[in-house]
C-alpha cells in the first residue's frame, strides 16, 4: 500500500483514478479547488460517485503555503498531478488562468516534491503539444516545438520543468500525453457532451473543419488503467538516458477515429440524427491526433481494451440516467 496524492481529484480523470487507487488499497488524498470553469455540479457529482475510501481536501495547487503544509503532514510516496486549467479554445480568451494553474501551480508541485523527498511524480501532459506536426502517428520522439495554443505551450513547459527537476533532484518523473478522453462523467466542454446536449435539446451540432478531423478518442477506464501502471513503475535513473529518471508517454486508444464516425456513434446510441452546422477550423485546434502508444505498451504493459462503440454506449447510458447532474 502506498500513500498517493491526486491533484485535480474532482476532475474527469482524477476522480475515477482516486477511486480505483483507493479500491485496490492505496491511501489516497485528493485535492481540487472546484473552480467554475464548468458547472460545479458535475465535479460535486463525481466526488459523490467516486469519493468513497479516500480523503478530499479543497485547495488549489497555486497556493504554495497550503500545498507545502499538506506535503509536510502526509509524507506522500507518489504524486499524480492532474490539476490544470484545461481547454484549448478557452486559452485563446483566458490566457492568464493557464499561467497561474499550469505553470505556477506545477512549479509548486515540483518544489514540494523536491523539499519533501518524494520518490515518484506522474503528471498530465497533452496530445496538443504535437501542434503543427504533420507526421502521424505521433511519437514521443517527435519534435514538439510548434504549439498552436497557449494550453499546449503550458503543457510542453510542464515537460521541460519536470525534466529539469528530475535531473537536479533525482526523483522519478513520468509525463502522460493524454489523447481525447471520453466516457461517463466527462467534461461538458468536450464533444461527446456537446453533441449529446444538442440531440437532447433539438439543436444543431457544430462540426468544425467541415467534419474533416481525426481524433484518438480514448475511454476513461483505459486512461485510468494506464495511469495506474505509470504510478506503479517509478523510474531508475541508471536505466534512463543521461541518467535522468524521466519519461514521456503517449496514452491513447491507438485507433484514430474520423469525427463524422464519432458523431454517428453518438447518434446511434442516442437514437436520433442530429442537424449539423459545418464550420471552419477553430483557432488552436489541429486536424488530427493519432498516438503511437508502442512505448507505453512495451515498457509498462498498457493495453487499451475499450472500442468506440462500447465506450459511447456506456457514456450515453450515464448521460440519460439520473446520475447525470446536468440532465
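Nothing in this text is a laboratory measurement; each read-out follows from the coordinates by a stated rule. Since we're looking at a predicted model, the values are computed, not measured. Ideal geometry is used to build each Cβ from the backbone, glycine not excepted, and the neighbour counts take in all protein chains shown.
Summed over qualifying helices (DSSP H, 4 residues or more, each -39500 (n - 2.57)) and divided by its residue number, the chain shows a 222 nm mean residue ellipticity of -11500 deg cm²/dmol.
Return one number: the angle in degrees, 0 to 90 and rounded to the nearest 10, between the long axis of the Cα atoms of helix 308-320 and the longest principal axis of the Cα atoms of the chain. Taking Cα atoms only, the helix is inclined about 80 degrees. Take the alpha carbon gyration tensor of segment 143-282, find the square roots of its eigenvalues, order them as a ≥ b ≥ c, and report rounded if a/c is under 1.5; if not, report prolate when a/b exceeds b/c, else oblate. Judged from the Cα gyration tensor, segment 143-282 comes out prolate (a/c at least 1.5, a/b above b/c). For segment 179-206 versus segment 1-42, the spacing of their alpha-carbon centroids is 22 Å.
From the square roots a ≥ b ≥ c of the eigenvalues of the alpha-carbon gyration tensor of segment 1-121, which class results: rounded (a/c under 1.5), prolate (a/b over b/c), or oblate?
Details: a/c = 2.10, a/b = 1.17, b/c = 1.80.
Here segment 1-121 falls in the oblate category.
Need one number: % antiparallel among DSSP beta bridges in the chain, to the nearest 5. Mind dumping the intermediate values first?
On the way: 2 of 40 bridges.
Bridges in the chain that DSSP calls antiparallel: roughly 5 percent.
From Cα pairs below 8 angstrom and at least 6 apart in sequence, can you work out the relative contact order of segment 180-327, rounded to a whole percent?
It comes to 38 percent, rounded to a whole number.
Between the helical axis of 150-169 and the longest alpha-carbon principal axis of the chain there is an angle of about 20 degrees. Between residue 320 and residue 148, the FRET efficiency from the beta-carbon distance, with R0 = 51 Å, is close to 0.90.
Considering only 166, 125, 139, the mean-square fluctuation computed in a Gaussian network model of the chain, springs between alpha carbons under 10 angstrom, is largest for 139.
Extension gain, residue 197-residue 209: 0.36 nm per intervening residue step, less the Cα-Cα distance, totals 2.3 nm. With Cα atoms defining each centre, segment 245-272 and segment 82-118 are spaced 26 Å apart in the structure. Taking a label point 7 Å from the Cα of residue 295 along the Cα→Cβ vector, which residues of segment 93-119 have an amide N closer than 13 Å to it? So the set is empty, nothing qualifies.
Go ahead and run the numbers for FRET between residue 39 and residue 164, Cβ-Cβ distance against an R0 of 45 Å, rounding to 0.05. For R0 = 45 Å, the calculated efficiency reads 0.80.
Relative to the longest principal axis of the Cα atoms of the chain, the long axis of helix 191-201 makes an angle of roughly 40 degrees.
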